[in-house]
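Asks: Quick one: the structure is below, and I'll ask about it shortly.
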Amino acid sequence: MADAYREIITRAICGKGKKSGRSTHSVTPAHKPSNILGCWVINHRYKTHYQKDAVVVEGTYDINTWYSYNNNTRTEVAVDTVSYRDKVRLTLRDKNLVSDKVEVTCRPLQEPNCLEAKISSNGTKVEAEVEREFLVEVIGDTKVKVQVEGEGLEETEIEEEDDLDKELSGLDSELLTDEDE
């Protein structure tokens, strides 16, 4: 008998995308900075939502800038919470999605971190350049075509019924109940 094909619906990764980016944020310290001593990013939080051909990642993080002031005689840390919005295009997309009800997973490949911090041209702010990178996956129900080999389900059921009939015909008819006949 020839091999047959069936379509099945399964849950699978139906889309993938990756995006890296940089943003420059202005932090306003309490005092006019003399020097930047360090800058780091903490408390990263984000959420995602699916849009037909992309996943939008929206989040926030704190930029902590350690700086000196008063002619490098004192130090302080300026903290500013900033937000971002990245649209991650799906480079791999399954055209056989059964429904728009999908689950989105997002994993930072590069947590936000400060590449460079410098005093702005007017001398009152700190400009912090931050990089980040995400990998997103869209999981949903999709159709997959599979090859079915052999006799097939219907023929197997018929053979099993024939075997049962042979077994029952060898029994004494007085022992059979209504259900067995």
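Asks: Run through all the Cα pairs of the range 1-81 and give the fraction in each 5 Å bin from 0, expressed as whole percent.
Replies: 3, 10, 15, 14, 10, 9, 8, 7, 6, 5, 4, 3, 2, 2, 2, 1, 1, 0
Asks: HN-Hα J couplings of the range 132-142 from phi, Karplus 6.51/-1.76/1.60, θ = phi - 60°, integer Hz, Gly and Pro as x?
Replies: Each residue's phi maps through the Karplus curve to give 7, 8, 10, 10, 10, 9, 10, 10, x, 7, 9 Hz.
Asks: Give me the net charge for the shell around SER68: Cβ to Cβ below 10 angstrom, other residues only, Lys and Arg +1, Asp and Glu -1.
Replies: Once all neighbours under 10 Å are counted, the net charge is 0.
Asks: Now a separate question. Using Cα pairs under 8 angstrom and six or more residues apart, how large is the relative contact order of the range 7-146, in percent?
Replies: It comes to 39 percent, rounded to a whole number.
Asks: Once you place label points 7 Å from the Cα toward the Cβ at ALA4 and GLU131, how far apart are they in nm?
Replies: In this crude spin-label approximation the distance works out to 5.6 nm.
Asks: Tell me, what ³J(HN,Hα) does each residue in the range 109-116 have, in order and in whole Hz, if you take phi through Karplus 6.51 cos²θ - 1.76 cosθ + 1.60 with θ = phi - 60° and put x for Gly and Pro?
Replies: 7, 9, 4, x, 9, 7, 8, 7
Asks: In addition: Collect residues whose amide H, placed 1.01 Å from N in the peptide plane, falls under 5 Å from the amide H of VAL98; neighbours closer than 5 in sequence don't count.
Replies: Here ASP141, THR142, LYS143 satisfy the definition.
Asks: Right, something else. Residues with beta-carbon under 9 Å from that of ALA117, excluding ALA117: net charge, scoring Lys, Arg +1 and Asp, Glu -1?
Replies: So the environment of ALA117 carries a net charge of -2.
Asks: Oh, and also: Can you work out the Karplus-derived ³J(HN,Hα) for every residue in the range 18-31? Use 6.51 cos²θ - 1.76 cosθ + 1.60 with θ = phi - 60°, whole Hz, and x for glycine or proline.
Replies: 9, 8, 10, x, 10, 9, 10, 10, 9, 10, 9, x, 5, 10
Asks: While we're here: Tell me which residues come under 5 Å, amide H to amide H, from LYS125 once H is placed; ignore anything under 5 positions away on its chain.
Replies: Distant-sequence amide H within range of LYS125: SER120.
Asks: A follow-up question, please. At 7 Å along Cα-to-Cβ for each site, give me the label-to-label distance between VAL102 and GLU76 in nm.
Replies: It works out to 4.7 nm between the two label points.
Asks: Any idea how far apart THR91 and LYS143 come out in nm if each label point goes 7 Å out from Cα toward Cβ?
Replies: For THR91 paired with LYS143, the spin-label model returns 2.9 nm.
Asks: How compact and how long is the range 7-146, expressed as Rg and Dmax of its alpha-carbon atoms in Å?
Replies: Cα only, the range 7-146: 20.5, 73 Å (Rg, Dmax).
Asks: Still on this structure, I have one more. Once amide H atoms are placed 1.01 Å from N in the peptide plane, what residues at a sequence separation of 5 or more from LEU90, or on another chain, have their amide H within under 5 Å of its amide H?
Replies: ALA54, VAL55
Bear in mind that the values in this text are calculations on the coordinates, not laboratory data. It should be emphasised that the depicted structure is a prediction, and the values quoted were computed from it without experimental measurement. For neighbour counting, all protein chains shown are included, and Cβ atoms are generated from backbone atoms with ideal geometry for every residue, glycine included.
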